[in-house]
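Colleague: Quick one: the structure is below, questions incoming.
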Amino acid sequence: MPIERTLTIIKPDAVAARHIGDIIKIFEANQFTIVAARLVHLTKEEAEGFYAVHRGKGFFESLTRFMSSGSALVMVLEGENAIARLREVMGATNPAHAAPGTLRKIYAESIERNAVHGSDAPDTAAYEIGYFFPGIELV
Ligand code: GDP
């Protein structure tokens with residue numbers, strides 16, 4: 001299994017609900033190592049840049065308003081097969097469809113306010129890590 005780096009965000013809903021500690025505990029229990037971290041409060045423009053791939057979709061305005069509504073904890077996680085494994089630990093986008101025990105099943109409030117972000121592929125991980133941590137090594 002390759003050692004990879006992936007980007008995660010503990011989103012504003014989960015930060016406001018004081019779930020940072022619980023979520024990091026689950027990351028570490030799943031053998032992810034935090035190699036970079038920043039607590040941010042995104043501007044609307046920064047949220048739009050991060051989610052540029054969704055521009056034009058019906059939920060884009062609401063999503064970027066939510067993501068810029070409060071503090072979020074952005075981290076780079078490292079581990080074996082980290083990109084796909086983080087997606088499994090997170091669960092499905094819609095918590096109604098997320099498997100029991102996954103972060104979104106436990107902490108998400110709705111399909112939009114779904115507690116955590118995780119890169120979905122190596123190319124998006126590279127883009128997203130560079131978006132928040134320019135200059136960091138990708139692997
Ligand atoms: P992810 O990779 O599982 O985060 O899902 P996507 O890349 O498809 O969507 C990005 C984010 O947009 C999700 O994590 C949700 O916060 C939000 N989102 C996705 N689909 C919907 C939707 O149908 N409605 C709303 N309101 N938000 C959505």
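The values are calculated or read from the model by the stated rules, or taken from the named source; none is laboratory data. Predicted model only: the values in this text are computed from it and were never measured. Backbone-built Cβ (ideal geometry, glycine too); neighbour counts: all protein chains shown.
Residue by residue, here is whether (1) among the acidic types (Asp, Glu); (2) under 26 Å from residue 134 (Cα atoms); (3) at pLDDT below 95; (4) more than 15 Å from the chain's Cα centre (by Cα) holds:
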{"position": "50", "(1), (2), (3), (4)": "no, yes, no, no"}
{"position": "67", "(1), (2), (3), (4)": "no, yes, no, no"}
{"position": "79", "(1), (2), (3), (4)": "no, yes, no, yes"}
{"position": "88", "(1), (2), (3), (4)": "yes, no, no, no"}
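Colleague: Quick one: which helices (runs of 4 or more DSSP H) lie wholly within segment 1-97 and hold at least 1 residues that are at negative phi and without any contact (Cβ under 8 Å) to a residue 24 or more places away in the chain?
Modeller: Passing ranges, in order: 20-29, 44-50, 60-67, 82-90.
Colleague: Something else now. Considering only segment 114-137, I want to know if a residue exists there that is of a type in the set (Gly, Ala, Ser), free of Cβ contacts under 8 Å to residues at least 40 places away in the same chain and more than 26 Å from residue 4 (Cβ to Cβ).
Modeller: Taking every residue of segment 114-137 in turn, none turns out to be of a type in the set (Gly, Ala, Ser), free of Cβ contacts under 8 Å to residues at least 40 places away in the same chain and more than 26 Å from residue 4 (Cβ to Cβ).
Colleague: Tally the residues that are farther than 22 Å from residue 62 by Cβ and assigned to a loop (DSSP other than H, G, I, E, B), restricting the search to segment 98-118.
Modeller: Counting residues in segment 98-118 that are farther than 22 Å from residue 62 by Cβ and assigned to a loop (DSSP other than H, G, I, E, B) gives 4.
Colleague: Got a number for residues in segment 102-127 being more than 9 Å from the ligand (Cβ to nearest atom) and either farther than 19 Å from residue 13 by Cβ or touching a Ser or Thr at 6+ places or on another chain (Cβ under 9 Å) (or both)?
Modeller: Count: 6.
Colleague: Give the residue that is surrounded by the most Cβ atoms within 10 Å (Cβ to Cβ), with candidates limited to residues of segment 69-89 that are under 20 Å from residue 47 (Cα atoms) and either among the basic types (Lys, Arg) or within 13 Å of the ligand (Cβ to nearest atom) (or both).
Modeller: This residue is 72.
Colleague: When you check residue 133 against the structure, is it at pLDDT 95 or above and either within 13 Å of residue 12 (Cβ to Cβ) or away from the ligand (no atom under 12 Å from the Cβ) (or both), yes or no?
Modeller: Yes; evaluated as a whole, the condition is true for this residue.
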